[in-house]
Amino acid sequence: MQESFDVLASSGSYQVLIGEGLLEKVFSEYPDAFYIVDAKLKNILPENFKSCLFIEASEDNKTLEKMPNVILKMREAHLNRTSHLVAIGGGIIQDIATFVTSIYMRGIEWTYMPTTLLGMADSCIGGKSSINTLGYKNLIGNFYPPKSVSIDMRFIKTLDADQVIGGLFEAVKICYAKDNATFLAYLQDEPKFPLNASLAQRLLSRALKTKKWFIEIDEFDQNERLLLNFGHTFGHALEAGTDFAIAHGIAVGIGMVIAIEYAKQNNHLNQEGLGRAQMLSNHVRSMIAESLSELVANFPKLDLVQIVEKFDHDKKHQTNSYRMIIPKEGGALTIINQDKTEEVRQKITKAYQSGLNLVAYPHF
Ligand SMILES: NC(=O)c1ccc[n+]([C@@H]2O[C@H](COP(=O)([O-])OP(=O)(O)OC[C@H]3O[C@@H](n4cnc5c(N)ncnc54)[C@H](O)[C@@H]3O)[C@@H](O)[C@H]2O)c1
Ligand SMILES: [Zn+2]
């Protein structure tokens, strides 16, 4: 079964297709396009495919410094203003494709086929690119959505536990951020690892239609869409403090548990909010517990002092205050600013401690 919906953007609307057999559909629709494909997925292309660039999905390959190589290949393939580019891969391939299509001859049309669960559940809509430069991760970027997004369920089969569970944490984050009814409906679908195609399609459809609401109401990340950073500030410190050994989505999941601990410990929640936030925390914890043996290989030792230091330096804070997204009062997400004092730093450390204990993080 295939389903589709449109996303409205200031540059025009684009169609999102979810289902099976979509890879063949893209090949037949765009036989003359220039393809950028994750090198790991080489075998999905028919033999003697005409115009294709394979890129290894590494952070080094999505640096500004590497972009001229990609642009040169596009030029050598004689792409002009009316040419079409198809990108097939995860967030790294998406970031590269968004960036190069936005600037090549002042912009050419493109199609995106996400192949990681993070790409499918979250980043494939919204049009953002994040490019590394000068040693800084995701320092620069822009908004340049594709003309269409096709999500083929076949790619889920080869993803490991980190990637699937991490993608599901982004999905539940989106649903929780919207409202209680959407969150409860998501849980009722009983997300679990491993995912079969029909469950995956149900969960992805709900997450993306919910994300559509955020990006249509706030395309350029000024208000409501900012709430989708829930779990990210606490999570980024875990990623940065472990040289990105923890998968992004897993760090976001643990980050949500820590943010909830912060809200609980500092009395930001009323009875109703406590119940709602606890339900999310329990969900994340049970997903991790059920696959702990598969995830734990990528859980390196954490130094809590260093993690809080990384939190301190996160680029989302203001000069004199920490910016956090936490559930407040009845459980809805809210952005709070807390003065950068020793007292607040201690509260943050305490939230990390109990959050990491709750997910049974083995070594910190
Ligand atoms: N622009 C955005 O909106 C946005 C949002 C979130 C993350 N990102 C960026 O995306 C990147 C992370 O992306 P990601 O987690 O989607 O993955 P990725 O592109 O980093 O790929 C991760 C690994 O999975 C492999 N892979 C891809 N598809 C596969 C498949 N079907 N089966 C097996 N392996 C597969 C890749 O080769 C790679 O080894 C980061 O650089 C992050 O900054 C961008
Ligand atoms: Zn994320």
Give me the percent of DSSP beta bridges within the chain that run antiparallel, rounded to the nearest 5.
-> 45 percent
Averaged per residue, the 1.4 Å probe accessible area of the chain, protein heavy atoms only, in Å², is roughly 44 Å²
Whole-Hz ³J(HN,Hα) from phi, Karplus 6.51 cos²θ - 1.76 cosθ + 1.60, for the stretch 287-293, glycine and proline x | 4, 5, 4, 5, 10, 3, 5
Roughly speaking, to the nearest percent, how much of the chain's 1.4 Å accessible area is carbon and sulfur?
-> 50 percent
Stokes-Einstein, Kirkwood over Cα pairs, the stretch 61-167, 20 °C, 1.002 mPa s; D in µm²/s equals 151 µm²/s
Three principal axis extents, largest first, for the C-alpha atoms of the stretch 321-364, in Å?
-> 31, 27, 12
So for the stretch 292-350, using the alpha carbon gyration tensor with a ≥ b ≥ c as root eigenvalues (a/c under 1.5 gives rounded; past that, a/b versus b/c decides prolate or oblate), I'd call it oblate
Run the numbers on the stretch 224-364 and let me know its relative contact order in percent, using alpha-carbon pairs under 8 Å that are six or more apart.
-> 33 percent
Tell me, what does the Kirkwood hydrodynamic radius of the chain come to in angstroms if you use every pair of distinct C-alpha atoms?
-> 21.0 Å
Along the principal axes of its C-alpha atoms, what lengths does the stretch 1-106 span, in descending order and rounded to whole Å?
-> 40, 37, 27
Treating each Cα of the stretch 213-364 as an identical point scatterer and ignoring solvent, apply the Debye formula and state log10 I(q)/I(0) at q = 0.11, 0.16 Å⁻¹.
-> -0.40, -0.87
Area of residue 323 that stays accessible when all protein chains are in place (1.4 Å probe, Å², to 10) = 80 Å²
Evaluate 2.2 N^0.38 Å with N set to the residue count of the stretch 56-118, then give the Cα radius of gyration divided by it.
-> 1.07
Express in Å², to the nearest 10, the accessible area of residue 195 obtained by rolling a 1.4 Å probe over the protein heavy atoms while all chains stay in place.
-> 30 Å²
Just tell me the longest site-free run in the chain, where the sites are GluC sites (Glu not before Pro) in a DSSP loop having at most 12 other beta-carbon atoms within 10 Å.
-> 57-364
Ignoring ligands and nucleic acids, what accessible area does residue 120 show with a 1.4 Å probe (Å², nearest 10)?
-> 0 Å²
Distance in nm between pseudo-label sites at residue 349 and residue 157 (7 Å out along the Cβ direction from Cα) | 5.1 nm
For the residue pair residue 59 and residue 3, what label-to-label distance in nm results when each label sits 7 Å from Cα along the Cα-to-beta-carbon direction?
-> 3.6 nm
Taking 1 over the mean of 1/r across every pair of different Cα atoms in the stretch 178-258, what Kirkwood radius in Å do you get?
-> 14.2 Å
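The values are calculated or read from the model by the stated rules, or taken from the named source; none is laboratory data. Please read these numbers as outputs of a predicted model, since none were measured by experiment. Every residue, glycine as well, gets a Cβ built from its backbone with ideal geometry; the counts of neighbours run over all protein chains shown. Protein only, heavy atoms only, side chains kept; ligands, DNA and RNA dropped before computing areas. Shrake-Rupley method; radii C 1.70, N 1.55, O 1.52, S 1.80 Å.
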